[in-house]
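For reference, the structure discussed in these notes is given below.
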Amino acid sequence: MNISDNQYCFICGHRNPVGLKATMKVDREGKSAACTLVIPSEYQGWKDMVHGGIISALLDEVCVYAGMTVSDSVVTGELKTRFRKPVPVEQEVTVSARVTNQVRRTVQVEAQLTLEGVVLASAEAKLVIVRS
């Protein structure tokens, strides 16, 4: 499998006209990544609440960025998301993730989405290091 970036990712691609254009900050030493953003109301499910698919996509993306501190070529093999509280639209939230373990080509990552320090959603991901 050959993976490449054309800047059209729905979450972080700056060329995608309908994407979130999230800018991830990566800490290679800490094997972590984070991003702060405001999710517009165009991405809501129920009134004033961010759609669960958008929340999952954000958690997936931050997991991959954290995983790229281990290898530049990782893809999500499994994502388990837990929705704890509704995520409001039009408010600044933070998504963050950190690598918790690596066994051969599998990288385990934990992530969370917070608002003012309160965890609204969390995820556990298993990423696979892709060999070209």
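The values are calculated or read from the model by the stated rules, or taken from the named source; none is laboratory data. As the structure is a prediction and not an experimental result, all values here were calculated from the model. Here the Cβ is made from the backbone with ideal geometry for all residues, glycine too, and neighbour counts use every protein chain on show.
Quick notes
- Checked against (1) crowded, with 16+ Cβ neighbours inside 10 Å; (2) under 14 Å from the mean Cα position of the chain (by Cα); (3) of a type outside the set (A, V, I, L, M), Gly52 passes all but condition (1).
- Selected residue (only one of Val70, Val107, Val99, Val93 is of a type in the set (A, V, I, L, M, F, W, C), farther than 18 Å from Cys12 by Cα, out of contact with any helix residue (DSSP H, G or I) (no Cβ under 7 Å at 6 or more places or on another chain) and touching a residue at least 40 places away in the same chain (Cβ under 8 Å)): Val70
- Failed item, numbered, when Met49 is tested on (1) closer than 18 Å to Ser122 by Cα; (2) in contact with a helix residue (DSSP H, G or I) (Cβ under 7 Å, 6 or more places away or on another chain); (3) at pLDDT 95 or above; (4) not small (Gly, Ala, Ser): (2)
- Some residue of the stretch 9-30 being farther than 14 Å from Ile129 by Cα, of a type in the set (Val, Ile, Thr) and buried (at least 19 other Cβ atoms within 10 Å of the Cβ): yes
- Checked against the criterion of being part of a strand (DSSP E or B) and either hydrophobic (A, V, I, L, M, F, W, C) or touching a residue at least 40 places away in the same chain (Cβ under 8 Å) (or both), the candidates Val119, Val62 yield just one match: Val119.
- Within the stretch 88-114, being within 15 Å of the chain's Cα centre (by Cα), of a type in the set (A, V, I, L, M) and within 20 Å of Asp48 (Cα to Cα) holds for Val93, Val95, Leu113.
- Criterion applied to Val93, Val62, Val87, Val38 was being exposed (fewer than 15 other Cβ atoms within 10 Å of the Cβ) and either under 21 Å from Gly117 (Cβ atoms) or hydroxyl-bearing (Ser, Thr, Tyr) (or both), and the one residue passing it is Val38.
- When residues of the stretch 31-55 are limited to those that are of a type in the set (D, E, K, R) and assigned to a loop (DSSP other than H, G, I, E, B), the one nearest to Lys80 (Cα to Cα): Lys31
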